[in-house]
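Structure record follows, encoded as structure tokens.
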Protein chains: 2
Amino acid sequence: MTAPVDLVIRHARVAAETHRPAPGYPDLPRADTASRGGVRDLPGHSIGVSAGRIAWILPDDEVDLAALTDAEIIDASGLVALPGLVNSHTHTPMVMFRGAASDVPTAEWFNDHVWPMEVNLTDRDIRLGARIAIGELLLGGVTTFADHYFGMSTIAEEVEGSGIRALLADTFFSSEGAAGRERSAAFARDAAGSANGRITTALGPHAPYTVDDDDLRATARDAERLGVRIHIHAAENLTQTASSRSRDGRTPIGILHETGVLEAGALIAHGAGIVAEDAELLTAYADRVGVASCTKTYLLHAQEGTTPLRLLHDAGISVGIGSDGAAGSMTLDVWENMRLLGMIEKYASGDATWATSAHLLDLATRQNAEVLGLAGEIGALRPGLRADIVLVDFRTPHLQPVHDLAHSLALSAHQGDVTTVIVDGRVVVRDRRLLTIDLEEAVAELSERLPALTDRSHGRRVQDYAP
Amino acid sequence: MTAPVDLVIRHARVAAETHRPAPGYPDLPRADTASRGGVRDLPGHSIGVSAGRIAWILPDDEVDLAALTDAEIIDASGLVALPGLVNSHTHTPMVMFRGAASDVPTAEWFNDHVWPMEVNLTDRDIRLGARIAIGELLLGGVTTFADHYFGMSTIAEEVEGSGIRALLADTFFSSEGAAGRERSAAFARDAAGSANGRITTALGPHAPYTVDDDDLRATARDAERLGVRIHIHAAENLTQTASSRSRDGRTPIGILHETGVLEAGALIAHGAGIVAEDAELLTAYADRVGVASCTKTYLLHAQEGTTPLRLLHDAGISVGIGSDGAAGSMTLDVWENMRLLGMIEKYASGDATWATSAHLLDLATRQNAEVLGLAGEIGALRPGLRADIVLVDFRTPHLQPVHDLAHSLALSAHQGDVTTVIVDGRVVVRDRRLLTIDLEEAVAELSERLPALTDRSHGRRVQDYAP
């Protein structure tokens, strides 16, 4: 007897879940293939969804369809079902600046382009930007994102309307005085659990170079009081780590440690400047601290170094895949950032056996969920977890033939292959069409705002970049 | 009066053509923006196609539709038209091994996986592989590819049937004796100009480490006699350059120079081992020698170094974008390889102002055409050139808004955004569907062959990799 459900996905090849590769791989014996990660690959399976959660995953021929006459049936023949991807660090509204500041170095990007343009933002711009970004995320198979920006209440409304899941943090600087921190904490308190529980919250101090120690300490206390994590940019690159050290003798991660941010629980954005001594500090908080890599941003900005995957992996720290904002990375594409991280890791280490396809998929799904504090809720397809499910069309030449499902997903598929997206048991993308968002109007309205948005004649900026 | 045509593309935003960035950029003054390349961007234009060539490109309101009643009209509202992309180095049938040998280093990839598996190939496998690969290329907006493989007559038939354009070279090794070289020359002679001129040919010596000096000299003479170029793997990485030097005192490019291959005209595949002294040799033949980069392959195999774009650019040598075979790179995606080259160039040089978006598009279109010896025929949208045209759907959130068309195309678009593909004036992909190829049957047949194809129990290989 098959338990009754609301929705059944039939005839899928299910990439059900991944596991963390062993510490010390790839130096472990080659015969120990499991050490390099793996994907539980279930061809010819069906998934039953009930009340927003996965009820069961069964071989097609063990499903009693007669017991499921009330369920919606999705035929997934030729499709692969995988856990909804997570984007663990972005700034959704910044899609409004996509391509307005490319081919420029980091300091110029901040001081001469983005921070002057952000002076022009209205709440309406933030809404339209967030709407377009969420459309991009959903169409690309991302069912959960971690956002860090201004105007977060507006973004929360867009999350609610679109059906996506999100961890939201309202950005603040110490230059705002106490008001910034208090606003961020009030948002984290009030929005937590909204959108039928799809919204979780975090506190949003911008970075150790724009938020001082006192405010970081107060933020850590806020986090413990509210039971939320702290989403913060830190050790974004090695240059920042060096300048932090020379300024006050501590690394950015050292500052997070001393101010209690790590102990409270943190989503560290970037972390490309994390060094060996930092990893020792982080290890103690491996149950509540994760790092979101954003590899496309690092490469496009010609940054020195990328998020040190092997150091963090061996220290037991979860690493996620983020995109950063589209003003820097041009897309919010988790597939692309996952693949770039894998390729740059292989290239930089000179070891093609490191950063395996299975490992990359683990980062984009299970570890990403851990980075957001949502382990046990999302990040895998398993009975009891939230029904965040993506169907990928394998009936396309660039995905054929299939020798190894993990390689096909990690190295051949792209976000355009996503056909159907389900969040919390609700179909939000079907046949590559958004069911919950009208984008045409949003794009038309935002396009008219571009001259005003990119005006820099006022000579102001929201901050100075001097980390 | 608008001249009569067969086909009209209406209401397109036309990315008509690119130009080579100035030598010495980005060190030239920042105000000199043209030095970094540019894209001729024509919003609201129509393209008329007649007898396989572009007849005119006009603003929409200057087209007299009444004079064009016999023409097929394609509405390209919301779409961007760009020159068909070129893949300047691949081995199409190798899609059959896609994912059968990933996460392994180069020597192991050749000796333990690919060269043993290639022992199993039948002519039918080559046909099915080529068919799937051409489907992948066309759907991804590639209208011309340069192929290097065994069984090239079979591949030529697939080119003919599919409507794609190709430069084909039949691979040979010196280990085959004179028969290999003669077969490659006979193919180049007989197939040239076939498929209504869509097939051009080259000679296909595998590499300087598998084809000896005598055979390379004879190949150069064959090339001059037949009026074709030589497509050859050379200086694939710095390790090969070092071992070549220590073996006989010459670099791989030095060998091509001494044996007359450069003088005859060459498409050098990879060239990631090209060093400064090689660039001096190459400069003299800039009108007939180009290099095809295949960046995804280098990164996935953890290779030391990539095709040195800046060295070649400053030496005036055209650089193209290839994918290599899908056994190594997992896709035949020119968009992805173009973007990877740009990102790795920025990252490795530490200069975000180098490898601009406009430069990357120039590599994927105009310079790629030069690398294949097809300059003046393809690589731009300009009256008189072949009508190889790709339409990209910009009505999708990840391509909105548009601040700069070059950045959007080079850094945000992906191959799934291609909706319509025209080769030689003929529509071969419409609404993301192949009109000339039945893939379903080919995939089903090839999938049944996988156990036999991947069998390595025979203990043989087609060559030994010891460059």
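In nm, what does the list of distances from residue A:314 to its counterparts in the other copies look like, shortest first, when each label sits 7 Å along Cα to Cβ?
Going from nearest to farthest copy, the values are 3.7 nm.
Please report the residue of chain B with the smallest beta-carbon distance to the B-to-A rotation axis, and give that distance in Å, no decimals.
B:416, 1
Using the 2.2 N^0.38 Å rule of thumb for compact globular proteins, work out how the range A:327-395 stacks up: its C-alpha Rg over that value, please.
Normalised Rg, Cα atoms only: 1.29.
Over chain B, with every protein chain in place, what whole percent of the accessible area is carbon and sulfur at 1.4 Å, could you tell me?
Within chain B, the accessible surface is 48 percent carbon and sulfur.
Across peptide B:353-361, what mean number of C-beta atoms from other chains lies inside 10 Å of a residue's C-beta?
That average works out to 2.
Using a 7 Å offset from Cα along the direction of the beta-carbon, what are the separations from residue A:460 to the same position in each other copy, nm, ascending?
7.8
For a protection proxy built on the mean count of beta-carbon atoms within 10 angstrom, sort A:85-95, A:194-204 highest first, please.
Sorting A:85-95, A:194-204 by mean packing, highest first, produces A:85-95, A:194-204.
Could you give P(r) for the range B:356-423, binned at 10 Å from zero, as whole percent values over all Cα-Cα pairs?
Histogramming the range B:356-423 at 10 Å steps yields 20, 46, 31, 4 percent.
If I take every Cα pair under 8 Å that is 6 or more residues apart in chain A, average their sequence separation and divide by the length, what percent do I get for the relative contact order?
Normalised by residue count, the contact order of chain A is 23 percent.
Per residue, how many Å² of accessible area does the range A:335-386 show with a 1.4 Å probe?
Value for the range A:335-386: 21 Å² per residue.
Could you compute the FRET efficiency for residue B:225 and residue B:157, with r as their C-beta to C-beta distance and R0 at 25 Å, rounded to 0.05?
My answer for the efficiency is 0.45.
What's the ranking of B:267-277, A:246-256, B:315-325, A:148-158 by average number of surrounding C-beta atoms within 10 Å, highest first?
Output ranking for B:267-277, A:246-256, B:315-325, A:148-158: B:315-325, B:267-277, A:148-158, A:246-256.
Could you work out, for the range A:213-333, what percent of all Cα-Cα pairs fall into each 10 Å distance bin, beginning at 0 Å and stopping at the bin that holds the largest distance?
P(r) over the range A:213-333, rounded to whole percents: 15, 46, 33, 6.
Label-point separation (nm) for residue B:186 and residue A:108, each offset 7 Å from Cα along Cα-to-Cβ?
Once both label points are built, they end up 5.8 nm from each other.
Are there residues in the range B:319-344 whose accessible area shrinks by at least 40 Å² when all protein chains are included rather than the chain by itself, and which are they (probe 1.4 Å, ligands and nucleic acids not counted)?
B:330, B:343
Taking the Cα centre of the range B:156-234 as origin, sum charge times position over the Cβ atoms of Lys and Arg (+1) and Asp and Glu (-1), and report the length of that vector in debye to the nearest 20.
Dipole size: approximately 320 debye.
Counting only other chains, what is the mean number of Cβ atoms within 10 angstrom of the Cβ of each residue in peptide A:404-413?
Taking the mean over all residues of the peptide, I get 5.
Does anyone have the angle between helix A:439-453 and the longest principal axis of chain A? Alpha-carbon axes, 0 to 90°, nearest 10?
Its long axis makes an angle of about 10 degrees.
Ratio of the range A:131-289's C-alpha Rg to 2.2 N^0.38 Å, to two decimals?
1.04
Grab the beta carbon distance between residue B:72 and residue A:441, set R0 = 30 Å, and tell me the FRET efficiency rounded to 0.05.
Rounded to the nearest 0.05, the efficiency is 0.40.
Running Debye on chain A with equal point scatterers at the Cα sites and no solvent, what base-10 log of I(q)/I(0) appears at q = 0.07, 0.08, 0.10, 0.11 Å⁻¹?
-0.33, -0.44, -0.69, -0.84
Packing-wise, with mean Cβ within 10 Å as the measure, how do A:282-295, B:334-347 rank, highest first?
Top to bottom by mean Cβ count within 10 Å: B:334-347, A:282-295.
Could you compute Rg(Cα) / (2.2 N^0.38 Å) for the range B:25-125, with N its residue count?
Dividing the Cα radius of gyration by 2.2 N^0.38 Å gives 1.87.
Just the accessible area for residue B:6, please: 1.4 Å probe, Å², rounded to the nearest 10?
90 Å²
Any idea how far apart residue B:20 and residue B:34 come out in nm if each label point goes 7 Å out from Cα toward Cβ?
1.6 nm
With every protein chain kept in the model, how would you rank A:354, A:56 by accessible area, 1.4 Å probe, largest at the top?
A:56, A:354
With the cut-off at 1.5 for a/c, could you classify the range A:89-217 from its C-alpha gyration tensor as rounded, prolate or oblate?
oblate
Treating each Cα of the protein assembly as shown as an identical point scatterer and ignoring solvent, apply the Debye formula and state log10 I(q)/I(0) at q = 0.09, 0.10 Å⁻¹.
Evaluating at q = 0.09, 0.10 Å⁻¹ gives log10 I(q)/I(0) of -0.93, -1.15.
If I model a spin label at residue B:314 and residue B:452 as a point 7 Å from the Cα along the Cα→Cβ vector, what separation in nanometres do I get?
Here the modelled spin labels are 5.4 nm apart.
What average count of beta carbons from other chains do you get within 10 Å of the Cβ of residues in B:390-400?
For this peptide, the per-residue mean of nearby foreign Cβ atoms is 6.
Once you order the gyration tensor axes a ≥ b ≥ c over the Cα atoms, which shape class does the range B:276-411 get: rounded for a/c under 1.5, otherwise prolate or oblate by comparing a/b with b/c?
Oblate is the answer for the range B:276-411, as a/c is 1.5 or above yet b/c matches or exceeds a/b.
Relative to the other copies, what are the label-point distances for residue A:73, with labels 7 Å from Cα along the C-beta vector, expressed in nm at one decimal and sorted shortest first?
Result for residue A:73, in nm, nearest copy first: 4.4.
Please give the residues from the range B:450-466 for which the solvent-accessible area of heavy atoms, probe 1.4 Å, is smaller by at least 30 Å² with all protein chains in place than with the chain isolated.
SASA drop of 30 Å² or more in the range B:450-466: B:450.
Heavy-atom accessible area of residue A:122 with all protein chains present, probe 1.4 Å, nearest 10 Å²?
Only protein atoms counted, so the area is about 60 Å².
Heavy-atom accessible area of residue A:190 with all protein chains present, probe 1.4 Å, nearest 10 Å²?
Taking all protein chains as shown, residue A:190 has close to 100 Å².
The values are calculated or read from the model by the stated rules, or taken from the named source; none is laboratory data. The structure displayed is predicted, hence computed values, not measured ones. Backbone-built Cβ (ideal geometry, glycine too); neighbour counts: all protein chains shown. In case anyone asks, the SASA skips ligands and DNA or RNA and just uses the protein heavy atoms, side chains included. Shrake-Rupley method; radii C 1.70, N 1.55, O 1.52, S 1.80 Å.
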